[in-house]
Amino acid sequence: MNKRIIAIALLVALLTALSACGGPSTPAPTTAPAAATKAPAAAATTAPAVATTAPKATVTRGGTLRVGLDSDLTTMDPHLSTAAVDRQVYQSMYNPLVRLDKDLTLKPELAEKWEFTDSTTLVFTLRKGVKFHDGTDFNAKAVKINFDRMMNPDTKSLRAAEISSVKEVQIPDDYTVKLILKAPNAALLAALSDRAGMIISPAAIEKYGKDLARNPVGTGPFQFVEWVKDDHLTVKKFDGYWEKGADGQSLPYLDQVTYKPVTDATVRLTSLKTGTLDMINAIAPKDVAGMRGSKDPLLDQVTGLGYQALNTNDAKAPFDKVEARQALNYALDRDAIANNVLFGTVTAGQGPIPPSSWAYDASVNIYKRDVAKSKELLQKAGLTLPVKFPCMIVNSPEAQLLGQALKEQLAEGGFDMDIQLLDFPTALAKQTAKDYVCFQIGWSGRPDPDGNVYSFLYTNAPSNSYNYSNKTVDDLLDKTRTTYDQAQRKGFYAEALKTANQDGAVAYLYWPSDFKAWGAKVNGYLHVPDGMIRTKEMWLAK
């Protein structure tokens with residue numbers, strides 16, 4: 001890496017702001033999965049009556065938590081959301097059917113317990129006495145209405161792919177939901193810990209229709225107050241919330257939470273240090289070393305679940321040629337990006353499954369930088385060097401600087417990357433419409449590897465904006481869903497990803513860590529590797 005890139009690196013900030021895009025909703029995969037090779041085990045225990053994380057000191061109730069976000073919010077409808085930043089707010093307003101613990105273990109939330117009665121029947125027993133913010137009862141009918149909404153093609157729900165294995169939702173009684181699956185799905189429960197499992201008030205769905213995105217109504221600890229685009233979103237304590245705290249009293253502890261988009265990483269951190277904000281959801285890599293050991297503000301890091309990549313469109317020149325996609329991969333110096341540009345705060349890699357996952361396999365890292373090989377492949381494809389192509393880069397300072405670093409690396413491999421600066425929503429929309437050649441973007445990650453792989457690499461899947469298609473990969477990914485044996489699933493993922501990498505399906509760059517920082521007054525934060533801010537047990541010391 002040359003001196004210019006190293007100088008650029010000093011200003012590069014957090015890139016996870018660019019994560020978590022998705023594609024349009026499409027029907028379920030066309031290839032029917034095979035039968036499961038092993039029956040699933042029954043799961044779940046009865047939900048605890050009180051919160052599992054006890055505060056370390058006497059709780060102080062009341063106050064407003066001010067959270068700085070690295071991007072503006074896009075929608076408060078979890079069934080339609082495409083942006084990672086939206087997920088930072090959802091846990092305050094919605095409960096999912098199941099939740100993730102800090103070790104990524106699935107725990108009861110709106111569902112008290114669940115059981116696979118056979119490989120294609122999943123039965124939930126729902127919690128009683130839960131109300132939506134508008135007074136509507138939470139029950140089996142509400143869950144069915146939510147699933148039917150996500151499964152309806154007219155909704156264009158981004159969650160449709162996550163629950164595409166569901167054939168039918170039955171409600172034997174008011175607090176039992178039976179999911180009848182088309183085929184076994186080893187990843188379904190994990191998907192229901194996120195937006196696909198968040199239940200919206202059926203009365204609100206009917207009342208607001210398409211305006212639900214601006215009028216969210218869930219069962220969560222806080223209820224919606226107002227959303228001023230580009231400025232703030234405020235939620236207030238829901239007095240009818242069902243869950244108890246460690247003191248045996250109702251959650252949440254806070255009176256109110258205000259989320260403010262602060263896209264400039266330096267301004268965001270300065271606001272935290274000066275007390276204008278109480279917590280921020282992202283730290284620039286350049287600031288991480290200086291924050292370590294600080295008591296106010298505090299810095300916390302967990303291994304993330306996502307990845308960052310250069311997405312290329314197989315239907316657009318020059319990446320309609322496999323040699324060009326392979327050349328792009330050979331031209332990238334991922335270690336230099338990780339160590340010199342991002343200050344060692346990320347792990348260089350070539351796949352969508354991070355090393356923290358049980359499904360990680362290092363053998364998928366098949367590319368070692370070779371700029372001569374890159375040029376050779378481009379010439380073999382009949383392309384004239386330098387091969388010029390446009391690449392969408394989000395117009396934040398941090399993304400622009402990374403884009404410049406990538407441009408210089410690729411130039412050494414025979415490319416001329418023309419940076420196209422766009423705002424995040426516009427770039428995301430163009431990717432969803434497959435109206436792009438290249439886009440530097442990432443994915444915030446899911447606890448089951450299916451959430452990082454299937455919808456992106458399966459032929460015609462909702463998030464497969466690359467137009468990538470390989471029947472061998474499709475067949476292997478079907479097996480990852482229909483096989484409940486974890487060791488077998490890991491082998492199928494490794495084989496599929498090595499094949500996809502050989503095709504140059506995506507130029508993966510690295511796996512980020514998740515950083516959060518908060519002031520000394522903030523207590524009770526549980527940092528789950530999915531990166532979502534859970535506010536129900538947080539409180540502010542006086």
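The values are calculated or read from the model by the stated rules, or taken from the named source; none is laboratory data. None of these values were measured; they are calculated from a predicted model. Note that each Cβ is placed from the backbone with ideal geometry, even for glycine, and that neighbours are counted across all protein chains shown. Calculation scope for accessible area: heavy atoms of the full protein, side chains included, ligands and nucleic acids excluded. Shrake-Rupley method; radii C 1.70, N 1.55, O 1.52, S 1.80 Å.
Can you name every residue in region 203-230 that is closer than 23 Å to R66 by Cβ and touching a Lys or Arg at 6+ places or on another chain (Cβ under 7 Å)?
P221, F222, Q223, V225, W227, listed by residue number.
For A190, indicate whether it is in contact with an Asp or Glu (Cβ under 7 Å, 6 or more places away or on another chain), under 20 Å from R99 (Cα atoms), open to solvent by 10 Å² or more (accessible area, probe 1.4 Å) and not in a loop (DSSP other than H, G, I, E, B).
yes
Applying the selection to region 101-123, what residues are open to solvent by 30 Å² or more (accessible area, probe 1.4 Å), under 27 Å from T303 (Cβ atoms) and either free of Cβ contacts under 8 Å to residues at least 60 places away in the same chain or assigned to a strand (DSSP E or B) (or both)?
D103, T105, L106, K107
Using the structure shown, decide if L428 is surrounded by fewer than 22 Cβ atoms within 10 Å (Cβ to Cβ) and in contact (Cβ under 8 Å) with a residue 12 or more places away in the chain.
no
Output the strands (runs of 3 or more DSSP E) that fall wholly within region 229-318 and possess 1 or more residues being more than 30 Å from N464 (Cβ to Cβ) and in contact with a Pro (Cβ under 9 Å, 6 or more places away or on another chain), or say none.
Strands (runs of 3 or more DSSP E) meeting the threshold: 232-237.
State all residues of region 505-542 that are of a type in the set (K, R) and over 14 Å from V59 (Cα atoms); if no residue qualifies, say none.
Within region 505-542, K516, R534 qualify.
Looking only at region 433-482, count how many residues are among the polar types (S, T, N, Q) and surrounded by fewer than 20 Cβ atoms within 10 Å (Cβ to Cβ).
Within region 433-482, residues that are among the polar types (S, T, N, Q) and surrounded by fewer than 20 Cβ atoms within 10 Å (Cβ to Cβ) number 6.
Which condition number in (1) surrounded by 15 or more Cβ atoms within 10 Å (Cβ to Cβ); (2) farther than 16 Å from Q502 by Cα; (3) touching a Leu at 6+ places or on another chain (Cβ under 7 Å); (4) not basic (K, R) is the one that L385 fails?
Tallying (1) surrounded by 15 or more Cβ atoms within 10 Å (Cβ to Cβ); (2) farther than 16 Å from Q502 by Cα; (3) touching a Leu at 6+ places or on another chain (Cβ under 7 Å); (4) not basic (K, R), L385 fails exactly one: (1).
Got a sec? Which of A183, A142 is part of a loop (DSSP other than H, G, I, E, B) and either under 18 Å from M93 (Cα atoms) or in contact with a Pro (Cβ under 7 Å, 6 or more places away or on another chain) (or both)?
Selected residue: A183, the only one of A183, A142 that is part of a loop (DSSP other than H, G, I, E, B) and either under 18 Å from M93 (Cα atoms) or in contact with a Pro (Cβ under 7 Å, 6 or more places away or on another chain) (or both).
How many of the residues in region 286-301 are open to solvent by less than 10 Å² (accessible area, probe 1.4 Å) and under 17 Å from T345 (Cα atoms)?
Final tally of qualifying residues: 2.
Quick check on region 496-521: of everything there that is under 26 Å from L69 (Cβ atoms) and of a type in the set (K, R), which residue is nearest to the chain's Cα centre (by Cα)?
So, considering only residues that are under 26 Å from L69 (Cβ atoms) and of a type in the set (K, R), the one nearest to the chain's Cα centre (by Cα) is K516.
How about region 160-174: which of its residues are assigned to a loop (DSSP other than H, G, I, E, B) and buried (at least 18 other Cβ atoms within 10 Å of the Cβ)?
A160, A161, E162, I163, S164, S165
Could you tell me which numbered condition L526 fails, if it satisfies all but one of (1) assigned to a loop (DSSP other than H, G, I, E, B); (2) farther than 23 Å from D70 by Cβ; (3) among the aliphatic types (A, V, I, L, M)?
The single condition L526 does not satisfy is (2).
Tell me the helices (runs of 4 or more DSSP H) entirely within region 360-470 that contain at least 2 residues that are modelled with pLDDT under 95, in contact with a Pro (Cβ under 7 Å, 6 or more places away or on another chain) and among the aromatic types (F, W, Y).
The helices (runs of 4 or more DSSP H) meeting that bar number zero.
Considering only region 238-268, state which residues are more than 25 Å from T74 (Cα to Cα) and open to solvent by 30 Å² or more (accessible area, probe 1.4 Å).
Across region 238-268, the qualifying residues are D239, G240, W242, K244, A246, D247, G248, Q249, S250.
Being open to solvent by less than 10 Å² (accessible area, probe 1.4 Å), touching a strand residue (DSSP E or B) at 6+ places or on another chain (Cβ under 7 Å) and not small (G, A, S) is the filter here, so list the residues in region 319-341 that pass it.
Residues satisfying the conditions are F319, L328, N329, L332, I337.
Identify, by number, the condition in (1) modelled with pLDDT of 95 or more; (2) open to solvent by less than 10 Å² (accessible area, probe 1.4 Å); (3) within 30 Å of A327 (Cα to Cα) that G304 doesn't meet.
(1)
Going by the structure shown, is S157 hydroxyl-bearing (S, T, Y), touching a residue at least 24 places away in the same chain (Cβ under 8 Å) and open to solvent by less than 10 Å² (accessible area, probe 1.4 Å)?
Yes, satisfied.
So, of the residues in region 196-237 that are in contact (Cβ under 8 Å) with a residue 12 or more places away in the chain, in contact with a Ser or Thr (Cβ under 6 Å, 6 or more places away or on another chain) and not polar (S, T, N, Q), which turns out to be surrounded by the fewest Cβ atoms within 10 Å (Cβ to Cβ)?
Across region 196-237, the extreme among qualifying residues is V225.
Within region 125-148, which residues are charged (D, E, K, R) and surrounded by fewer than 19 Cβ atoms within 10 Å (Cβ to Cβ)?
K128, K131, D134, D137, K141, K144, D148
Just checking, how many residues over region 396-425 are touching a residue at least 60 places away in the same chain (Cβ under 8 Å), of a type outside the set (G, A, S) and touching a strand residue (DSSP E or B) at 6+ places or on another chain (Cβ under 6 Å)?
Residues that pass the stated criteria total 3.
Among all residue pairs at least 6 apart or on different chains, which show Cβ distances below 9 Å where the first residue, located in region 480-496, is under 15 Å from G451 (Cβ atoms) and the second is among the small types (G, A, S) and part of a helix (DSSP H, G or I)?
Note: pairs meeting the criteria are T480/A496.
Considering (1) closer than 22 Å to G349 by Cα; (2) free of Cβ contacts under 8 Å to residues at least 12 places away in the same chain, say which one T384 fails and leave the rest.
It is condition (1) that T384 fails.
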